[in-house]
Amino acid sequence: MSNINIDLEHSLTSYFTNIDADDLKTIVSFFKPEVLKKNDFFLKAGKKSTKLSFIRSGFLRIFCETEKKEITQWISTQGYFVTDLSSFMSDIPARWTIQALTDTELYTIDKTDYEKLQSRVPQWHILEKAFIIHCFTTIETRVYGHLSMTAEERYLCFFNENPQLFNQIPLQYIASMLGMTSETFSRIRNKIATGNL
């Protein structure tokens with residue numbers, strides 16, 4: 001078994017508790033390797049999302065463009081899944097553009113194969129519900145942190161969980177994702193560097 005299959009199986013078990021081993025292997029078999037070069041688009045806003053991917057390596061930025069500015073919603077990293085969930089599940093145009101910030105290796109299932117899982121995996125309706133709940137809970141946690149924490153607390157929390165990102169992607173994307181201007185972000189970063197926070 002390839003390492004990517006092992007990584008994918010491990011991640012799926014964190015979404016699907018008590019999953020049957022045969023069902024797990026069936027689900028994994030539908031995912032296919034995919035490579036995005038730096039700056040390639042995984043999805044563009046206004047298009048329908050037709051795939052769900054597991055990130056083997058690399059970083060993908062999820063963002064949208066408004067009349068006044070570009071807003072980064074999230075940076076997806078190794079070991080996580082990426083798609084525009086509303087578009088993928090409901091067959092509606094995506095609100096978000098998703099672009100590779102680095103060369104990125106993915107394991108991807110397209111919408112057609114995803115729908116085949118209903119007939120191939122007897123417990124799929126239960127597993128899919130668990131997957132969606134996991135995704136929703138993750139988003140809800142992010143929103144709660146965004147609304148309840150100060151700018152400094154958001155910075156420190158994100159830095160402690162994702163220190164590698166601060167040296168590998170443009171910092172203005174992290175600032176946008178944390179809901180602050182580049183100036184505020186730099187001020188907090190400097191205070192931390194000088195031990196004044």
Inset, instruction - Go through the residues of the stretch 85-105 one by one and say whether even a single one is touching a Pro at 6+ places or on another chain (Cβ under 9 Å) and closer than 19 Å to Leu8 by Cα. - result: yes
Inset, instruction - For residues that are among the charged types (D, E, K, R) and assigned to a loop (DSSP other than H, G, I, E, B), scanning just the stretch 42-56, find the one that is farthest from the chain's Cα centre (by Cα). - result: Lys47
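When you check Gly179 against the structure, is it over 22 Å from Thr17 (Cα atoms), outside any helix (DSSP H, G or I) and small (Gly, Ala, Ser), yes or no?
Yes, satisfied.
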Inset, instruction - Could you please give the count of residues in the stretch 20-41 that are touching a helix residue (DSSP H, G or I) at 6+ places or on another chain (Cβ under 7 Å) and assigned to a helix (DSSP H, G or I)? - result: 4
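Of everything in the stretch 182-197 that's farther than 25 Å from Tyr144 by Cβ and either assigned to a loop (DSSP other than H, G, I, E, B) or of a type in the set (D, E, K, R) (or both), which residue is modelled with the highest pLDDT?
Of all residues in the stretch 182-197, those farther than 25 Å from Tyr144 by Cβ come to 183, 186, 190, 193-196.
Filter once more, so that each one left must be either assigned to a loop (DSSP other than H, G, I, E, B) or of a type in the set (D, E, K, R) (or both): 183, 194-196.
Working: Glu183: 93, Thr194: 82, Gly195: 75, Asn196: 68.
Once the filter is applied, the top-ranked residue is Glu183.
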Inset, instruction - Please specify each residue of the stretch 17-44 satisfying the condition of being surrounded by 16 or more Cβ atoms within 10 Å (Cβ to Cβ) and among the aliphatic types (A, V, I, L, M). - result: Ile19, Leu24, Ile27, Val28, Leu36, Leu43
Inset, instruction - Could you tell me which residue of the stretch 88-130 is nearest to Phe59 (Cα to Cα), considering only residues that are basic (Lys, Arg) and touching a residue at least 60 places away in the same chain (Cβ under 8 Å)? - result: Lys111
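Is it true that some residue in the stretch 56-68 is without any contact (Cβ under 8 Å) to a residue 60 or more places away in the chain and over 25 Å from Met180 (Cα atoms)?
Taking the stretch 56-68 as the starting set, the residues that turn out to be without any contact (Cβ under 8 Å) to a residue 60 or more places away in the chain are 56-58, 60, 62, 64-68.
From the residues that got through so far, the ones that are over 25 Å from Met180 (Cα atoms) too are 56-57.
Checking the stretch 56-68: at least one residue is without any contact (Cβ under 8 Å) to a residue 60 or more places away in the chain and over 25 Å from Met180 (Cα atoms).
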Inset, instruction - Those residues that are at pLDDT below 85, within 18 Å of the chain's Cα centre (by Cα) and not small (Gly, Ala, Ser), I need them from the stretch 14-38; list them, please. - result: Tyr15, Phe16
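Can you find a residue in the stretch 1-9 that is surrounded by fewer than 17 Cβ atoms within 10 Å (Cβ to Cβ), farther than 19 Å from Glu128 by Cβ, at pLDDT below 95 and among the charged types (D, E, K, R)? Quick ask: steps written out before the conclusion?
Residues of the stretch 1-9 that are surrounded by fewer than 17 Cβ atoms within 10 Å (Cβ to Cβ), as a first pass: 1-3, 5-6, 9.
When the remaining residues are screened for being farther than 19 Å from Glu128 by Cβ, the result is 1-3, 5-6.
From what's left, at pLDDT below 95: 1-3, 5-6.
Now restrict to residues that are among the charged types (D, E, K, R): none.
So far as the stretch 1-9 goes, no, none of its residues is surrounded by fewer than 17 Cβ atoms within 10 Å (Cβ to Cβ), farther than 19 Å from Glu128 by Cβ, at pLDDT below 95 and among the charged types (D, E, K, R).
So if I check each of Ala100, Ala151, Ala130, which one is surrounded by 14 or more Cβ atoms within 10 Å (Cβ to Cβ) and closer than 20 Å to Thr77 by Cα? Steps first, answer last, please.
Values: Ala151 fails: closer than 20 Å to Thr77 by Cα; Ala130 fails: closer than 20 Å to Thr77 by Cα.
Ala100 is the lone residue from the list that is surrounded by 14 or more Cβ atoms within 10 Å (Cβ to Cβ) and closer than 20 Å to Thr77 by Cα.
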Legend entry - Qualifying residues in the stretch 154-190 (those that are in contact (Cβ under 8 Å) with a residue 24 or more places away in the chain and among the basic types (Lys, Arg)) - the one surrounded by the most Cβ atoms within 10 Å (Cβ to Cβ): Arg154
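So, in the stretch 51-77, exactly how many residues are over 18 Å from Arg142 (Cα atoms) and either surrounded by fewer than 18 Cβ atoms within 10 Å (Cβ to Cβ) or of a type in the set (Asp, Glu) (or both)?
Step one: of the stretch 51-77, the residues over 18 Å from Arg142 (Cα atoms) are 51-59, 65-70.
After this cut, where a residue has to be either surrounded by fewer than 18 Cβ atoms within 10 Å (Cβ to Cβ) or of a type in the set (Asp, Glu) (or both) as well, the list is 57, 65-70.
Going through the stretch 51-77 one residue at a time, the tally reaches 7.
The values are calculated or read from the model by the stated rules, or taken from the named source; none is laboratory data. Because the structure is predicted, anything quoted here is derived from the model rather than measured. Cβ: placed from backbone, ideal geometry, glycine included. Neighbour counts: every protein chain shown.
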